[in-house]
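*Asks:* Provided herewith is a single structure, encoded as structure tokens, for subsequent inquiry.
Throughout, read-outs are computed from the coordinates displayed, never taken from laboratory work. This one's a predicted model, so the numbers in the text were calculated from it and none came from an experiment. All Cβ positions, glycine included, derive from the backbone under ideal geometry; neighbour counts span all protein chains shown.
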Amino acid sequence: MLINPSYYDYMKKILSKLNPKNWAAKKNEETLTPQSSAKLFFLELFKLAFLAVITIILVRYFLFKPFYVRGASMEPTFFNNEYLIIDELTYRLKEPHRGDVIVLKSPLNKKEFFLKRVVGLPGETVKIRDGQVMVYNEEMPDGFVLNEPYLPVGLKTVPDASATLGDNKFFVLGDNRFSSLDSRMVGPIDSSAIIGRVILRGWPFDRARWFATAVNY
């Protein structure tokens, strides 16, 4: 009897499916049902969310921190309710520069924070006389009048004050010299009190800007 080759192949496939060995292999095949696909999707979503939370925590608590301005001590540079981002990493690698705007713990209440500008560095002497800020250091032993372009023209710094800064000590002032509690009253501040420097004003949008590290002058 002659058998059509295509018929022979067809019967071979049928018999193969009836073979118990092939049934076991079929069971071992990896298949993906709609339910397992959903599980994998949510598992990957959970992993991404977990990594995002860890990243946010690391950035929030070790690199950058947000602050709202409260008060008028830094006007006209910063106004009440402005939203700032503080860089907490830079000062772990190097010291503050003159002119940097920093956030520091209040010397009167460690739970409160000040927003001030660095004007005197360790090893220097700062004197306020006749409405001007004078700085004396090794490079300029005869002193120099501090150039403060961020202040309104003609603004005088009062009252008179003087301080010689030891190691890790900084002299800070508010830009609003008539409404700022700063080193004129509380003396130099220690570097351990410094949280970080202002790098960004994010709000209001029409005043948003980046703040570069100041160049010592």
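*Asks:* Once amide H atoms are built 1.01 Å from N in the peptide plane, which residues 5 or more positions from PHE64, or in another chain, come under 5 Å H to H?
*Replies:* GLU88
*Asks:* Going Cα to Cα from LYS39, which aspartates and glutamates come in below 20 Å? Please leave out same-chain ones fewer than 8 positions away.
*Replies:* LYS39 reaches GLU29, GLU30.
*Asks:* Go through LYS65/LYS110; LYS127/LYS169; LYS47/LYS111 and tell me which ones have a Cα-Cα distance over 25 Å in this structure.
*Replies:* LYS47/LYS111
*Asks:* Okay, next question. Which whole-Hz ³J(HN,Hα) couplings does segment 144-155 yield from phi under the Karplus relation 6.51 cos²θ - 1.76 cosθ + 1.60, θ = phi - 60°, glycine and proline marked x?
*Replies:* The phi angles translate into 8, 7, 5, 7, 10, x, 7, 8, x, 4, x, 5 Hz.
*Asks:* ASN81 to GLU138: FRET efficiency via 1/(1 + (r/R0)^6), r the Cβ-Cβ distance, R0 45 Å, to the nearest 0.05?
*Replies:* On the way: r = 42 Å, r/R0 = 0.92.
Calculated value: 0.60.
*Asks:* Over the Cα atoms of segment 67-210, compute the convex hull volume and normalise it per residue, giving Å³. Working shown, then result.
*Replies:* Values: hull volume 16.0 nm³, N = 144.
So the per-residue hull volume is 111 Å³.
*Asks:* Could you derive backbone 3J(HN,Hα) for segment 131-142 from the dihedral phi with the Karplus parameters 6.51, -1.76 and 1.60 (θ = phi - 60°), listing whole Hz in sequence and x where the residue is Gly or Pro?
*Replies:* With coefficients 6.51, -1.76 and 1.60, one gets x, 10, 9, 10, 10, 10, 8, 5, 6, 10, x, 8 Hz.
*Asks:* Search the structure for amide H atoms under 5 Å from the amide H of GLU82, placed 1.01 Å from N in the peptide plane, and list their residues when 5 or more places away or on another chain.
*Replies:* Here VAL69 satisfy the definition.
*Asks:* Using 0.36 nm times the number of residues separating LYS111 and ALA49, minus their current alpha carbon distance, what extension gain do you get?
*Replies:* On the way: separation 62, 0.36 × 62 = 22.32 nm, distance 3.20 nm.
Taking LYS111 through ALA49 to full extension adds about 19.1 nm, to one decimal.
*Asks:* ILE195's amide H: which non-local residues (gap 5+, or another chain) put their own amide H closer than 5 Å, with H modeled 1.01 Å from N in plane and none for Pro or chain starts?
*Replies:* VAL103, LEU104, LYS105
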